[in-house]
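Only the coordinates and a few stated rules stand behind these numbers; no lab work does. Being a predicted model, the structure only gives us computed values, none of them experimental. Positions of Cβ are generated from backbone atoms using ideal geometry, with glycine treated the same way; all protein chains shown enter the neighbour counts.
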Amino acid sequence: MKVVLASQNPHKLAEIQAILAPYGMELALQSELGLHIDVEETGSSFEENSELKARAVVEASGLPAIADDSGLCVDVLNGEPGIYSARYGAPACVTDRDRLNYLLEKLRGIRSEERTARFVCVITLLYPDGRKLVARGSCEGMITFEPRGEDGFGYDPVFYIPTKGCTFAQMGAAEKNRISHRANALSRLEALLENEKD
């Protein structure tokens, strides 16, 4: 069965394909089907935005679709930037570094022990008949006082994992992909697919 990924990201494609393959699902990027869908994320949660993206692709292709929505949630900021992670501080903040600096400025004066945060990822697999699997994963950490590390993207340079002693940007890609919010969501999706098979 062909499943369409609501993304243009080939790395995400490879990661998710490895999970879906044992269940007879072949993943394709939406661009491979000539679809160029840019969904306005009007939902009020990661779950709603993930489903909006999947539903748009299902309606355009007639095939099952998989989509994810993710972001950083900082406790002392009441969960900000959350679903607005990719457009935090807009319109003044345009680049990843702008958004990262904006976050650090909002946390100015906040003590290290109060800088708890987590990355969250919600993955939705939606079928044309309306069946839906939703998997949520998270990764707990702290926000540093300044960026550390050169790898990763977005907020990775300030997201510190105490159990690893480094930020996401200081961690190798293989290790990050093993413990990340997306990895945890994919693991839960795999369990849901296994249950569906029984």
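Here, P(r) means the percent of Cα pairs in each 5 Å bin from 0 to the largest distance; for segment 1-127 it is 2, 10, 18, 18, 16, 12, 10, 7, 4, 1, 0.
Only beta bridges with both residues in the chain are counted; by DSSP, about 80 percent of them are antiparallel.
Rounded to the nearest 20 debye, the dipole size of segment 2-197 about its Cα centre is 300 debye, using +1 on the Cβ of Lys and Arg and -1 on the Cβ of Asp and Glu.
Tally Lys and Arg at +1 and Asp and Glu at -1 over the other residues with C-beta under 13 Å from the C-beta of residue 131: what net charge comes out? Show your work: numbers first, answer last.
Numbers: positive: 55, 132; negative: 51, 129, 196.
That sum, taken over residues with Cβ under 13 Å, equals -1.
Straight-line reach from residue 176: taking Cα to Cα under 12 Å and skipping same-chain neighbours fewer than 8 places apart, the aspartates and glutamates in range are 151, 156.
Other residues whose C-beta falls under 11 angstrom from the C-beta of residue 85 contribute a net charge of -2, scoring Lys and Arg +1 and Asp and Glu -1. In a DSSP loop and with at most 12 other Cβ atoms within 10 Å, the GluC sites (Glu not before Pro) in segment 1-47 are 40.
Rounded to the nearest 500, what is the 222 nm mean residue ellipticity of the chain from helices alone, with -39500 (n - 2.57) per DSSP H run of 4+ residues and division by all residues? Don't skip to the answer; put the middle values down first.
Details: 5 runs with 62 residues, N = 198.
The helix-only estimate for the chain comes to -10000 deg cm²/dmol at 222 nm.
A dipole drawn for the chain from +1 and -1 charges on Cβ atoms has a positive end, and of 149, 127, 189 the residue lying farthest that way is 149. Estimated at 0.36 nm per residue, the fully extended path between residue 116 and residue 42 surpasses their Cα-Cα distance by 24.0 nm.
In the chain, taking the dipole from charged Cβ atoms about the Cα centre, the farthest positive-side position among 167, 112, 62 is held by 112. Equivalent-ellipsoid semi-axes for segment 31-88 (Cα gyration tensor, √(5λ), whole Å, largest first): 27, 10, 8. Gap in Å between the Cα centre of segment 66-82 and the Cα centre of segment 10-27? Result: 25 Å between the Cα centres. Among 127, 160, the order by Cβ neighbours within 10 angstrom, fewest to most, reads 127, 160.
Packing, taken as the mean count of other beta carbons within 10 Å per residue, orders the peptides 68-74, 96-102, 111-117 from highest to lowest as 68-74, 96-102, 111-117. Here the extension length gained between residue 84 and residue 32 equals 15.9 nm, from 0.36 nm per residue of separation less the Cα-Cα distance. Were the residues from residue 94 through residue 129 laid out at 0.36 nm apart, the gain over their Cα-Cα distance would be 8.7 nm.
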